[in-house]
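Some notes on the structure that comes next.
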Amino acid sequence: MPLPGLLAELGIPVEDVLKGTDLVPVDLSPDRFLELGTILTVLDNAVARTGREDLGLLLGARQTAAVLGPLSRVVRAAATLGEALSDLAAMQGRNSSAAATYLRRQGEDVFFGYGVHDPRVAASPITQDIVLALLNRIVTELTRGAVRPREYLSLRPAPRHPGRWFVLGAEVRFGEAETGFYLTSEDMTFPLPTADRQLRDQALTELLSQPALISVEWTYRTRRALRALLLEGSSGMLEVAQHLGVGPRSLRRALAREGTSFENVRDSVRLAIARDLLSMSALSIDNLALALDFANPSAFIRAFRRWTGETPAAWRNKNSLLRSVAGGK
(Lines give C-alpha, C1' and ligand atoms only; values in the text may rest on other atoms or scores of the structure.)
Protein backbone atom coordinates (compact mmCIF):
# COMPACT_ATOMS: atom_id res chain seq x y z
CA MET A 1 0.00 0.00 0.00
CA PRO A 2 1.57 3.34 -1.03
CA LEU A 3 -0.25 5.15 1.78
CA PRO A 4 2.76 5.81 4.09
CA GLY A 5 4.70 7.58 1.34
CA LEU A 6 1.71 9.69 0.33
CA LEU A 7 1.02 10.64 3.95
CA ALA A 8 4.65 11.70 4.37
CA GLU A 9 4.34 13.98 1.33
CA LEU A 10 1.20 15.50 2.82
CA GLY A 11 2.89 15.99 6.19
CA ILE A 12 0.67 13.58 8.11
CA PRO A 13 2.20 11.08 10.60
CA VAL A 14 1.20 7.50 9.80
CA GLU A 15 0.27 6.97 13.45
CA ASP A 16 -2.55 9.52 13.08
CA VAL A 17 -4.47 7.33 10.61
CA LEU A 18 -4.05 4.13 12.63
CA LYS A 19 -6.25 5.33 15.47
CA GLY A 20 -9.15 3.00 16.15
CA THR A 21 -7.13 -0.01 14.98
CA ASP A 22 -4.56 -2.26 16.61
CA LEU A 23 -2.05 -1.53 13.84
CA VAL A 24 1.44 -0.10 14.00
CA PRO A 25 3.16 1.60 11.01
CA VAL A 26 5.02 -1.55 9.95
CA ASP A 27 1.65 -3.25 9.38
CA LEU A 28 1.18 -1.08 6.28
CA SER A 29 4.11 -2.81 4.57
CA PRO A 30 3.27 -4.45 1.20
CA ASP A 31 3.96 -7.94 2.58
CA ARG A 32 1.42 -7.66 5.41
CA PHE A 33 -2.15 -8.98 5.03
CA LEU A 34 -4.93 -6.80 6.45
CA GLU A 35 -8.64 -7.50 6.68
CA LEU A 36 -10.70 -5.35 4.33
CA GLY A 37 -12.60 -3.78 7.21
CA THR A 38 -9.35 -2.67 8.80
CA ILE A 39 -8.08 -1.25 5.51
CA LEU A 40 -11.28 0.78 5.08
CA THR A 41 -10.95 2.17 8.61
CA VAL A 42 -7.38 3.29 7.89
CA LEU A 43 -8.35 4.83 4.53
CA ASP A 44 -11.33 6.67 6.00
CA ASN A 45 -9.06 7.99 8.78
CA ALA A 46 -6.58 9.14 6.13
CA VAL A 47 -9.24 11.05 4.22
CA ALA A 48 -10.45 12.71 7.41
CA ARG A 49 -6.93 13.56 8.62
CA THR A 50 -5.64 14.90 5.29
CA GLY A 51 -8.87 16.54 4.21
CA ARG A 52 -8.20 15.20 0.71
CA GLU A 53 -11.43 13.79 -0.70
CA ASP A 54 -9.40 12.69 -3.74
CA LEU A 55 -7.00 10.58 -1.66
CA GLY A 56 -8.23 7.42 -3.37
CA LEU A 57 -7.29 8.84 -6.77
CA LEU A 58 -3.81 9.69 -5.52
CA LEU A 59 -3.34 6.18 -4.10
CA GLY A 60 -4.67 4.37 -7.17
CA ALA A 61 -2.50 6.40 -9.53
CA ARG A 62 0.60 5.28 -7.62
CA GLN A 63 -0.04 1.63 -8.34
CA THR A 64 0.99 -0.36 -11.42
CA ALA A 65 -0.13 -3.63 -12.95
CA ALA A 66 2.28 -5.30 -10.51
CA VAL A 67 -0.43 -4.94 -7.85
CA LEU A 68 -2.22 -7.81 -9.64
CA GLY A 69 0.51 -10.21 -8.50
CA PRO A 70 1.14 -13.24 -10.77
CA LEU A 71 -1.84 -12.18 -12.90
CA SER A 72 0.16 -9.14 -14.03
CA ARG A 73 2.47 -11.35 -16.11
CA VAL A 74 -0.52 -12.79 -17.98
CA VAL A 75 -2.07 -9.36 -18.58
CA ARG A 76 1.14 -7.70 -19.74
CA ALA A 77 1.92 -10.48 -22.24
CA ALA A 78 -1.55 -10.45 -23.86
CA ALA A 79 -1.74 -9.74 -27.58
CA THR A 80 -4.24 -6.89 -27.36
CA LEU A 81 -5.77 -4.61 -24.75
CA GLY A 82 -9.04 -6.50 -25.13
CA GLU A 83 -7.35 -9.83 -24.38
CA ALA A 84 -5.56 -8.30 -21.39
CA LEU A 85 -8.79 -6.93 -19.88
CA SER A 86 -10.59 -10.21 -20.60
CA ASP A 87 -7.83 -12.07 -18.75
CA LEU A 88 -8.09 -9.63 -15.86
CA ALA A 89 -11.86 -10.03 -15.65
CA ALA A 90 -11.70 -13.83 -15.90
CA MET A 91 -8.87 -14.33 -13.41
CA GLN A 92 -9.46 -11.51 -10.93
CA GLY A 93 -11.02 -14.02 -8.53
CA ARG A 94 -7.46 -15.13 -7.87
CA ASN A 95 -6.96 -11.79 -6.11
CA SER A 96 -10.35 -11.10 -4.55
CA SER A 97 -13.29 -13.25 -3.50
CA ALA A 98 -15.55 -10.27 -2.74
CA ALA A 99 -15.44 -8.19 -5.92
CA ALA A 100 -15.24 -8.61 -9.67
CA THR A 101 -14.12 -6.79 -12.78
CA TYR A 102 -16.18 -7.39 -15.89
CA LEU A 103 -16.56 -6.42 -19.53
CA ARG A 104 -19.88 -5.55 -21.14
CA ARG A 105 -20.41 -4.57 -24.76
CA GLN A 106 -22.76 -1.64 -25.29
CA GLY A 107 -23.25 -0.90 -28.97
CA GLU A 108 -19.91 0.16 -30.43
CA ASP A 109 -18.39 0.63 -26.97
CA VAL A 110 -17.16 -1.69 -24.24
CA PHE A 111 -17.67 -0.98 -20.54
CA PHE A 112 -15.00 -2.23 -18.14
CA GLY A 113 -16.54 -2.28 -14.69
CA TYR A 114 -15.81 -3.14 -11.09
CA GLY A 115 -18.24 -4.06 -8.37
CA VAL A 116 -18.54 -5.79 -5.01
CA HIS A 117 -20.77 -8.87 -4.95
CA ASP A 118 -20.33 -9.83 -1.28
CA PRO A 119 -22.86 -8.10 1.02
CA ARG A 120 -20.44 -8.37 3.96
CA VAL A 121 -18.17 -5.76 2.37
CA ALA A 122 -18.96 -2.19 3.40
CA ALA A 123 -19.39 0.52 0.77
CA SER A 124 -16.81 3.30 0.66
CA PRO A 125 -16.26 6.20 -1.76
CA ILE A 126 -12.48 5.95 -1.41
CA THR A 127 -12.41 2.35 -2.66
CA GLN A 128 -14.35 3.42 -5.76
CA ASP A 129 -11.73 6.12 -6.40
CA ILE A 130 -8.80 3.76 -5.83
CA VAL A 131 -10.22 1.18 -8.22
CA LEU A 132 -11.05 3.75 -10.92
CA ALA A 133 -7.58 5.29 -10.78
CA LEU A 134 -5.87 1.89 -10.64
CA LEU A 135 -7.75 0.44 -13.63
CA ASN A 136 -7.05 3.62 -15.57
CA ARG A 137 -3.38 3.34 -14.62
CA ILE A 138 -3.26 -0.26 -15.83
CA VAL A 139 -4.74 0.66 -19.24
CA THR A 140 -2.26 3.53 -19.57
CA GLU A 141 0.64 1.27 -18.62
CA LEU A 142 -0.34 -1.55 -20.96
CA THR A 143 -0.77 0.76 -23.96
CA ARG A 144 1.99 3.22 -22.98
CA GLY A 145 -0.55 6.02 -23.00
CA ALA A 146 -1.92 5.31 -26.47
CA VAL A 147 -5.40 4.39 -25.19
CA ARG A 148 -7.44 6.49 -22.80
CA PRO A 149 -10.97 5.81 -21.53
CA ARG A 150 -13.45 8.26 -23.04
CA GLU A 151 -15.86 8.44 -20.09
CA TYR A 152 -15.88 7.28 -16.47
CA LEU A 153 -18.73 6.23 -14.21
CA SER A 154 -18.45 6.12 -10.43
CA LEU A 155 -20.82 4.78 -7.83
CA ARG A 156 -19.43 7.26 -5.29
CA PRO A 157 -21.39 10.43 -4.46
CA ALA A 158 -20.34 13.62 -6.21
CA PRO A 159 -17.37 15.19 -4.35
CA ARG A 160 -17.22 18.83 -3.32
CA HIS A 161 -14.43 19.47 -5.82
CA PRO A 162 -15.11 17.29 -8.88
CA GLY A 163 -12.45 19.17 -10.84
CA ARG A 164 -9.80 17.07 -9.09
CA TRP A 165 -11.13 14.04 -10.95
CA PHE A 166 -10.21 15.65 -14.29
CA VAL A 167 -6.77 14.11 -13.73
CA LEU A 168 -8.28 10.92 -15.17
CA GLY A 169 -8.45 12.64 -18.55
CA ALA A 170 -12.20 12.45 -19.27
CA GLU A 171 -15.57 13.27 -17.76
CA VAL A 172 -16.55 11.41 -14.58
CA ARG A 173 -20.25 10.86 -13.87
CA PHE A 174 -20.87 10.38 -10.15
CA GLY A 175 -23.70 8.62 -8.34
CA GLU A 176 -24.05 6.00 -11.07
CA ALA A 177 -25.13 2.38 -10.62
CA GLU A 178 -21.61 1.05 -11.25
CA THR A 179 -17.96 2.05 -11.36
CA GLY A 180 -15.83 1.74 -14.49
CA PHE A 181 -15.11 3.33 -17.85
CA TYR A 182 -15.91 3.15 -21.54
CA LEU A 183 -13.50 2.12 -24.27
CA THR A 184 -14.17 1.88 -27.99
CA SER A 185 -14.14 -1.39 -29.94
CA GLU A 186 -11.04 -0.07 -31.69
CA ASP A 187 -9.34 0.48 -28.33
CA MET A 188 -9.87 -3.19 -27.49
CA THR A 189 -7.93 -4.28 -30.59
CA PHE A 190 -4.90 -2.14 -29.72
CA PRO A 191 -1.77 -4.37 -29.93
CA LEU A 192 0.22 -4.33 -26.69
CA PRO A 193 3.93 -3.46 -27.01
CA THR A 194 4.72 -6.17 -24.43
CA ALA A 195 2.77 -8.94 -26.20
CA ASP A 196 4.41 -12.36 -25.97
CA ARG A 197 2.24 -15.41 -26.63
CA GLN A 198 4.70 -17.92 -25.24
CA LEU A 199 5.24 -15.90 -22.07
CA ARG A 200 1.48 -15.40 -21.62
CA ASP A 201 0.75 -19.14 -21.96
CA GLN A 202 3.53 -19.95 -19.50
CA ALA A 203 2.35 -17.34 -17.00
CA LEU A 204 -1.24 -18.52 -17.35
CA THR A 205 -0.25 -22.14 -16.72
CA GLU A 206 1.68 -21.12 -13.62
CA LEU A 207 -1.19 -18.98 -12.36
CA LEU A 208 -3.75 -21.74 -12.77
CA SER A 209 -1.48 -24.21 -10.99
CA GLN A 210 -1.60 -22.14 -7.81
CA PRO A 211 -4.24 -22.84 -5.14
CA ALA A 212 -7.43 -20.87 -5.75
CA LEU A 213 -8.41 -18.16 -3.29
CA ILE A 214 -11.93 -19.58 -3.15
CA SER A 215 -13.19 -23.11 -2.51
CA VAL A 216 -16.76 -22.65 -3.75
CA GLU A 217 -15.94 -22.12 -7.42
CA TRP A 218 -19.44 -22.17 -8.88
CA THR A 219 -20.85 -19.93 -6.17
CA TYR A 220 -18.16 -17.37 -6.91
CA ARG A 221 -18.52 -17.68 -10.69
CA THR A 222 -22.28 -17.22 -10.40
CA ARG A 223 -21.91 -14.18 -8.13
CA ARG A 224 -19.37 -12.67 -10.50
CA ALA A 225 -21.64 -13.25 -13.52
CA LEU A 226 -24.62 -11.75 -11.72
CA ARG A 227 -22.60 -8.66 -10.76
CA ALA A 228 -22.19 -7.94 -14.45
CA LEU A 229 -25.59 -9.13 -15.71
CA LEU A 230 -27.96 -7.71 -13.11
CA LEU A 231 -27.57 -4.14 -14.30
CA GLU A 232 -28.44 -5.32 -17.82
CA GLY A 233 -31.73 -6.76 -16.55
CA SER A 234 -30.47 -10.31 -17.08
CA SER A 235 -30.64 -12.09 -13.74
CA GLY A 236 -32.49 -15.30 -14.63
CA MET A 237 -31.03 -18.77 -14.22
CA LEU A 238 -31.05 -19.40 -17.97
CA GLU A 239 -29.23 -16.14 -18.75
CA VAL A 240 -26.58 -16.68 -16.09
CA ALA A 241 -26.04 -20.31 -17.10
CA GLN A 242 -25.59 -19.28 -20.73
CA HIS A 243 -23.11 -16.61 -19.65
CA LEU A 244 -21.14 -19.29 -17.79
CA GLY A 245 -21.32 -21.74 -20.70
CA VAL A 246 -23.31 -24.45 -18.91
CA GLY A 247 -26.90 -25.65 -18.82
CA PRO A 248 -29.30 -24.47 -16.09
CA ARG A 249 -29.57 -27.97 -14.58
CA SER A 250 -25.80 -28.31 -14.43
CA LEU A 251 -25.48 -24.93 -12.74
CA ARG A 252 -28.17 -25.74 -10.19
CA ARG A 253 -26.51 -29.09 -9.35
CA ALA A 254 -23.08 -27.45 -9.05
CA LEU A 255 -24.42 -24.84 -6.63
CA ALA A 256 -26.24 -27.51 -4.62
CA ARG A 257 -22.97 -29.42 -4.19
CA GLU A 258 -21.53 -26.23 -2.68
CA GLY A 259 -24.45 -25.99 -0.27
CA THR A 260 -26.37 -23.14 -1.87
CA SER A 261 -28.89 -22.35 -4.59
CA PHE A 262 -29.12 -19.95 -7.49
CA GLU A 263 -31.79 -17.93 -5.70
CA ASN A 264 -29.63 -17.56 -2.57
CA VAL A 265 -26.62 -16.46 -4.61
CA ARG A 266 -28.71 -13.95 -6.54
CA ASP A 267 -30.13 -12.57 -3.29
CA SER A 268 -26.62 -12.03 -1.87
CA VAL A 269 -25.47 -10.15 -4.99
CA ARG A 270 -28.63 -8.07 -5.08
CA LEU A 271 -28.14 -7.16 -1.42
CA ALA A 272 -24.50 -6.16 -2.01
CA ILE A 273 -25.45 -3.88 -4.91
CA ALA A 274 -28.51 -2.52 -3.10
CA ARG A 275 -26.45 -1.54 -0.07
CA ASP A 276 -23.89 0.21 -2.25
CA LEU A 277 -26.54 2.14 -4.15
CA LEU A 278 -28.60 3.01 -1.09
CA SER A 279 -25.59 4.35 0.79
CA MET A 280 -23.73 6.12 -2.02
CA SER A 281 -26.28 7.14 -4.65
CA ALA A 282 -29.45 9.22 -4.74
CA LEU A 283 -31.28 6.76 -7.01
CA SER A 284 -34.95 6.45 -6.14
CA ILE A 285 -36.31 3.18 -4.76
CA ASP A 286 -38.17 2.69 -8.05
CA ASN A 287 -34.94 3.04 -10.05
CA LEU A 288 -33.09 0.81 -7.62
CA ALA A 289 -35.68 -1.91 -8.13
CA LEU A 290 -35.24 -1.53 -11.88
CA ALA A 291 -31.42 -1.66 -11.64
CA LEU A 292 -31.61 -4.85 -9.59
CA ASP A 293 -33.98 -6.49 -12.09
CA PHE A 294 -36.99 -6.77 -9.79
CA ALA A 295 -40.45 -6.99 -11.34
CA ASN A 296 -41.58 -3.88 -9.43
CA PRO A 297 -40.57 -1.69 -6.45
CA SER A 298 -42.84 -3.61 -4.06
CA ALA A 299 -40.97 -6.84 -4.81
CA PHE A 300 -37.67 -5.10 -4.05
CA ILE A 301 -38.95 -3.63 -0.79
CA ARG A 302 -40.25 -7.04 0.36
CA ALA A 303 -36.96 -8.73 -0.51
CA PHE A 304 -34.85 -6.07 1.21
CA ARG A 305 -36.96 -6.32 4.36
CA ARG A 306 -36.48 -10.11 4.29
CA TRP A 307 -32.70 -9.69 3.96
CA THR A 308 -32.19 -6.95 6.56
CA GLY A 309 -35.33 -6.58 8.63
CA GLU A 310 -35.73 -2.99 7.36
CA THR A 311 -37.20 -1.21 4.38
CA PRO A 312 -34.72 0.24 1.85
CA ALA A 313 -35.74 3.77 2.87
CA ALA A 314 -35.15 3.11 6.58
CA TRP A 315 -31.77 1.47 5.87
CA ARG A 316 -30.72 4.39 3.64
CA ASN A 317 -31.72 6.92 6.30
CA LYS A 318 -29.26 5.32 8.74
CA ASN A 319 -26.44 4.47 6.35
CA SER A 320 -26.35 7.13 3.64
CA LEU A 321 -22.89 8.50 2.89
CA LEU A 322 -24.21 11.43 0.90
CA ARG A 323 -23.99 13.71 3.91
CA SER A 324 -20.57 12.56 5.14
CA VAL A 325 -18.77 13.12 1.82
CA ALA A 326 -19.67 16.80 1.84
CA GLY A 327 -16.59 17.61 3.96
CA GLY A 328 -12.99 17.85 2.80
CA LYS A 329 -10.69 20.41 1.27
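The values are calculated or read from the model by the stated rules, or taken from the named source; none is laboratory data. Just so you know, these numbers come straight off a predicted model, no measurement behind them. Cβ: placed from backbone, ideal geometry, glycine included. Neighbour counts: every protein chain shown. Keep in mind that these areas ignore ligands, DNA and RNA; they rest on the heavy atoms of the full protein, side chains included. Shrake-Rupley method; radii C 1.70, N 1.55, O 1.52, S 1.80 Å.
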Worksheet entry | Residues located in the range 1-17, provided they are assigned to a helix (DSSP H, G or I) and at pLDDT below 90 | none
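What are the residues in the range 31-65 that are in a loop (DSSP other than H, G, I, E, B) and either open to solvent by less than 40 Å² (accessible area, probe 1.4 Å) or in contact with a Pro (Cβ under 9 Å, 6 or more places away or on another chain) (or both), if any? Full working, then the answer.
First, pick out the residues of the range 31-65 that are in a loop (DSSP other than H, G, I, E, B): 31-35, 51-54, 62-64.
If the condition is that a residue be in a loop (DSSP other than H, G, I, E, B) and either open to solvent by less than 40 Å² (accessible area, probe 1.4 Å) or in contact with a Pro (Cβ under 9 Å, 6 or more places away or on another chain) (or both), then L34, G51, E53, D54, R62, Q63 are the ones that fit.
Would the range 184-194 turn up any residue that is more than 25 Å from L132 (Cα to Cα) and of a type in the set (D, E, K, R)? It would help to see each step written out before you state the result.
Just the residues of the range 184-194 that are more than 25 Å from L132 (Cα to Cα), to begin with: none.
No: the range 184-194 contains no residue that is more than 25 Å from L132 (Cα to Cα) and of a type in the set (D, E, K, R).
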Worksheet item: Residues of the range 176-190 being open to solvent by 40 Å² or more (accessible area, probe 1.4 Å) and either of a type in the set (G, A, S) or assigned to a helix (DSSP H, G or I) (or both), which ones?
Response: E186
Worksheet item: Assuming P157 fulfils every condition listed in (1) of a type outside the set (V, I, T); (2) buried (at least 17 other Cβ atoms within 10 Å of the Cβ); (3) assigned to a helix (DSSP H, G or I); (4) modelled with pLDDT of 90 or more apart from one, which condition is it?
Response: (3)
Response to the item:
Only one of (1) within 20 Å of the chain's Cα centre (by Cα); (2) part of a loop (DSSP other than H, G, I, E, B); (3) not charged (D, E, K, R) does not apply to P211, and that is (1)
Practice prompt. Being without any contact (Cβ under 8 Å) to a residue 60 or more places away in the chain and either in a loop (DSSP other than H, G, I, E, B) or among the charged types (D, E, K, R) (or both) is the filter here, so list the residues in the range 140-154 that pass it.
Written response: R144, G145, A146, R148, P149, R150, E151, S154
Item to complete: Being of a type in the set (A, V, I, L, M), open to solvent by 80 Å² or more (accessible area, probe 1.4 Å) and within 29 Å of A77 (Cβ to Cβ) is the filter here, so list the residues in the range 203-245 that pass it.
Response: L208, L213
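Residues to consider are A314, A272, A254; find the one that is surrounded by 17 or more Cβ atoms within 10 Å (Cβ to Cβ), more than 24 Å from the chain's Cα centre (by Cα) and in a helix (DSSP H, G or I).
A254
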Discussion item. Looking for something in a loop (DSSP other than H, G, I, E, B) and farther than 26 Å from V265 by Cα - is there at least one such residue anywhere in the range 87-107?
Written reply: yes
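Considering only residues that are among the hydroxyl-bearing types (S, T, Y) and under 15 Å from T260 (Cβ atoms), which ones fall in the range 214-246? Reasoning before the result, please.
Keep residues of the range 214-246 that are among the hydroxyl-bearing types (S, T, Y), which gives 215, 219-220, 222, 234-235.
If the condition is that a residue be among the hydroxyl-bearing types (S, T, Y) and under 15 Å from T260 (Cβ atoms), then S215, T219, Y220, T222 are the ones that fit.
Based on what the data block shows, is R137 out of contact with any Pro (no Cβ under 6 Å at 6 or more places or on another chain), open to solvent by 70 Å² or more (accessible area, probe 1.4 Å), within 23 Å of S72 (Cα to Cα) and in contact (Cβ under 8 Å) with a residue 24 or more places away in the chain? Spell out how you get there, then give the answer.
Numbers: out of contact with any Pro (no Cβ under 6 Å at 6 or more places or on another chain): yes; open to solvent by 70 Å² or more (accessible area, probe 1.4 Å): yes; within 23 Å of S72 (Cα to Cα): yes; in contact (Cβ under 8 Å) with a residue 24 or more places away in the chain: yes.
Spelling it out, R137 is indeed out of contact with any Pro (no Cβ under 6 Å at 6 or more places or on another chain), open to solvent by 70 Å² or more (accessible area, probe 1.4 Å), within 23 Å of S72 (Cα to Cα) and in contact (Cβ under 8 Å) with a residue 24 or more places away in the chain.
Looking only at the range 239-251, how many residues end up being in contact with a helix residue (DSSP H, G or I) (Cβ under 7 Å, 6 or more places away or on another chain) and either assigned to a helix (DSSP H, G or I) or among the acidic types (D, E) (or both)?
The first filter runs over the range 239-251 and keeps only residues in contact with a helix residue (DSSP H, G or I) (Cβ under 7 Å, 6 or more places away or on another chain), leaving 239-241, 243-244, 247-248, 251.
Of the ones still in play, those that are also either assigned to a helix (DSSP H, G or I) or among the acidic types (D, E) (or both) are 239-241, 243-244, 248, 251.
The qualifying residues number 7.
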